[in-house]
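The values are calculated or read from the model by the stated rules, or taken from the named source; none is laboratory data. It should be emphasised that the depicted structure is a prediction, and the values quoted were computed from it without experimental measurement. Here Cβ is always computed from backbone atoms with ideal geometry, including for glycine, and neighbour counts include all displayed protein chains. Ligands, DNA and RNA are stripped out before the accessible areas are found, and what is left, the full protein with its side chains, is counted by its heavy atoms. Shrake-Rupley method; radii C 1.70, N 1.55, O 1.52, S 1.80 Å.
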Amino acid sequence: MAKTIVQIADANFHEAVSHFARTHLLVEPFVTATHRQLPTTHPLFKLLVPHFQGTLAINYAAHEFLVAPKGGVNGLLSSTIDNSRVLMVKGLRIREFNADMLPQRLQARGVDDVSALPVYPYRDDGLLIWAAIRNWVKAYLGLYYPSDDKVKGDRHLQNWAQELVAFDGGRLQGFGDRETGQIETLDYLIDAVTMVIFTGSAQHAAVNFPQDGIMSFAPAMPTAGYVPATVVKAGATQKDWLDLLPPLDQAQTQLNLLHLLGSVYFTKLGDYEDGHFTDAQVAAPLSTFQNRLQEIEAIIDQRNGDRPAYDYLKPSKIPQSINI
Ligand SMILES: [Fe+2]
């Protein structure tokens, strides 16, 4: 019973905060700022837009049909729709963009030490993907920004940063240079863009696709408890446990909805449409990125022979963007 209650809490936190707020909602201001502030010919526009495909559409659908008063997610989660929304907003706003980059986040959580925690597939595979994306972003942006001055002097780019942090814009926390909120160096731009692409691709894959696995099976991970956790006492019977679990119709809805959300794979990380990059200089770094993703696929297959299989960060299973 205690384990089930922990699973209920985890399922609620996962959907509202880890999944919806910290991937879907985190990426949204980047989508709007990119379309509003960058010309379509801008190299950063070209790089980012494939990683935004479908994001506004799925977020709108979530707003209208899932996280809505009579919506599917609202009917499954423990709290009221108003409280779920507050939780999502808080979950997003208490985190700082710069502190959320994967290496820093793992360190802050105390799970970066491989001798203390030898196997942690999300960390181990995630860091490979992070580095691959970062190398690609670095090589790509290096074609257009030979110096920090070029970054600082890019008016479109600085307007983009401004809109992301503005109160009447993205209200993004902890983004940009600590003092000015602007983008002062090429190195920072590379990190920030890596974070956006990683969040829209790998991070979302890691939190979205387990929905169609352990999370769809209500006895393993109920999305709500049906007796208050406070009444659970030692010596509980099987009947007490069954009373805690969702009724069959709710369990069925959970299975259907989470199976759907966790089984749509549209596009693949690194697969840009033919002719998307019109600059011939992009071909070489792009093929380096694509080759590295293939190597990572093989490394993960090999790792899965020595650990409980973890497929969520295999490059072939990571879509380019948040679209479900
Ligand atoms: Fe999702």
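Observations on the model:
- Only one of Leu269, Leu257, Leu261 that is surrounded by 15 or more Cβ atoms within 10 Å (Cβ to Cβ) and in contact with a Gly (Cβ under 7 Å, 6 or more places away or on another chain): Leu257
- When the criteria are applied in full, Leu47 fails the requirement of being crowded, with 17+ Cβ neighbours inside 10 Å and over 29 Å from Gly275 (Cα atoms).
- For the stretch 242-251, the condition holds for at least one residue, the condition being that it is outside any loop (DSSP other than H, G, I, E, B), open to solvent by less than 50 Å² (accessible area, probe 1.4 Å) and touching a residue at least 60 places away in the same chain (Cβ under 8 Å).
- Residues of the stretch 254-301 that turn out to be part of a helix (DSSP H, G or I) and of a type outside the set (A, V, I, L, M), as a count: 15
- Candidates are the residues of the stretch 163-219 that are of a type in the set (Gly, Ala, Ser), in contact (Cβ under 8 Å) with a residue 60 or more places away in the chain and within 16 Å of the ligand (Cβ to nearest atom); the one that is surrounded by the most Cβ atoms within 10 Å (Cβ to Cβ) is Gly200.
- A count restricted to the stretch 1-40 and to residues that are among the hydroxyl-bearing types (Ser, Thr, Tyr), away from the ligand (no atom under 16 Å from the Cβ) and either in contact with a Pro (Cβ under 9 Å, 6 or more places away or on another chain) or open to solvent by less than 20 Å² (accessible area, probe 1.4 Å) (or both) stands at 2.
- Condition met for Leu143 (more than 16 Å from the ligand (Cβ to nearest atom), crowded, with 21+ Cβ neighbours inside 10 Å, farther than 30 Å from Ile8 by Cα and touching a residue at least 24 places away in the same chain (Cβ under 8 Å)): no
- In summary, Val282 fulfils each of the numbered conditions (1) touching a residue at least 24 places away in the same chain (Cβ under 8 Å); (2) under 19 Å from Ala132 (Cα atoms); (3) open to solvent by 60 Å² or more (accessible area, probe 1.4 Å) with the single exception of condition (3).
- Leading residue by the ranking (least open to solvent (accessible area, probe 1.4 Å)) among those in the stretch 285-304 that are free of Cβ contacts under 8 Å to residues at least 40 places away in the same chain and charged (D, E, K, R): Glu297
- Residue count for the stretch 162-194, restricted to those that are more than 21 Å from Trp136 (Cα to Cα) and among the aliphatic types (A, V, I, L, M): 4
- One residue stands out among those in the stretch 108-121 that are closer than 16 Å to Leu313 by Cβ and open to solvent by 40 Å² or more (accessible area, probe 1.4 Å): the one that is nearest to the chain's Cα centre (by Cα), which is Tyr120.
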